[in-house]
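Written out below as structure tokens is the structure these notes cover.
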Amino acid sequence: MNTTKTVTPEELVQRHARPGMSLLAVLHAIQDETGFVPPEAVGPLAKAMNLSRAEVHGVITYYHHFRTQPAARVTVQLCRAEACRSMGTEALAKHIESRTGCRFDADHSHTDTVGLESVYCLGQCALSPAMMVNDTLHARVTPQKFDAILAAATQRVEETV
Ligand code: FES
């Protein structure tokens with residue numbers, strides 16, 4: 001959830017880094033609050049967690065889940081793990097790229113209308129292919145269903161601008 005008040009990276013780290021917490025838990029908490037993990041938070045995080053900056057940076061970049069900049073206005077997270085692949089995710093990914101004119105896992109900015117991200121299992125394997133669009137889960141997604149989901153999500157975003 002994005003906040004309306006500007007919070008410094010140091011404040012973010014102070015707010016979320018608690019003794020005994022794992023780095024992953026702190027990163028999740030920060031991203032839940034701000035929508036991404038600001039690169040400026042790496043230094044304060046390293047200090048608070050008694051890790052090197054390289055270790056913190058390595059974890060942030062290893063996990064696809066973590067963003068280092070705000071998400072696009074409509075963020076499509078398509079599951080590309082095994083169960084979904086066996087049910088046509090890759091063909092669906094091609095349709096989505098063609099439909100949106102965007103590429104999966106390319107750099108995008110929060111000013112972009114659509115951002116496409118690959119994720120690996122959304123816990124909906126029996127209902128694959130699965131995706132999240134702006135934190136709403138969708139299952140058994142077909143190209144036609146995706147077009148309707150995208151149209152609805154884009155309309156919701158435009159209504160809030
Ligand atoms: S493999 Fe796609 S939801 Fe589990």
TODO: Sum up the charges of everything whose Cβ sits under 11 Å from the Cβ of ARG67, counting Lys and Arg as +1 and Asp and Glu as -1, but leave ARG67 out.
DONE: -2
Open item on the list: Explain nothing, just compute: Karplus ³J(HN,Hα) = 6.51 cos²θ - 1.76 cosθ + 1.60, θ = phi - 60°, for every residue of region 120-130 in order, whole Hz, x for Gly and Pro.
Closed with: 10, 5, 10, x, 10, 4, 6, 10, 7, x, 10
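Mind checking the dipole of the chain: about its Cα centre, +1 per Lys or Arg Cβ, -1 per Asp or Glu Cβ, Debye to the nearest 20? Spell out each step's value before the answer.
Working: 15 positive and 17 negative charges, 47 e Å.
So the magnitude is around 220 debye.
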- [ ] State to the nearest 20 debye the size of the charge dipole of region 66-161 about its Cα centre, where the only charges are +1 on K and R beta carbons and -1 on D and E beta carbons.
- [x] 220
Open item on the list: Could you report the chain's accessible area per residue, 1.4 Å probe, as an integer in Å²?
Closed with: 58
Task: Surface share of carbon and sulfur [accessible, 1.4 angstrom probe, percent] for region 79-142 - done: 50
Task: Contour excess over end-to-end distance, with Cα ends at ALA83 and ALA148 and 0.36 nm allotted per residue - done: 21.1 nm
Task: DSSP bridge orientation in the chain - percent antiparallel, rounded to nearest 5 - done: 50
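Out of the total accessible area of region 9-62 (probe 1.4 Å, heavy atoms of protein only), what percent is carbon and sulfur? Numbers along the way, then the final one.
Details: 1670 of 2950 Å².
Reported share for carbon and sulfur atoms: 56 percent.
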Open item on the list: More than 19 angstrom separation, counting every C-alpha pair in region 1-144; what % is that?
Closed with: 55
TODO: Go through THR61, GLY35, SER22 and say which Cα lies farthest out towards the positive end of the charge dipole of region 9-62; charges sit on Cβ, +1 for Lys and Arg, -1 for Asp and Glu.
DONE: SER22
Open item on the list: Please report the antiparallel percentage of DSSP beta bridges with both residues in region 74-160, rounded to the nearest 5.
Closed with: 50
Open item on the list: Checking a compactness column here: for region 74-160, what do you get for Rg(Cα) / (2.2 N^0.38 Å), N being the number of residues?
Closed with: 1.00
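The values are calculated or read from the model by the stated rules, or taken from the named source; none is laboratory data. For clarity, every value in this text was computed on a predicted model and none was experimentally measured. Ideal geometry is used to build each Cβ from the backbone, glycine not excepted, and the neighbour counts take in all protein chains shown. Heads up: the accessible areas ignore ligands, DNA and RNA and are worked out on the full protein's heavy atoms, side chains in. Shrake-Rupley method; radii C 1.70, N 1.55, O 1.52, S 1.80 Å.
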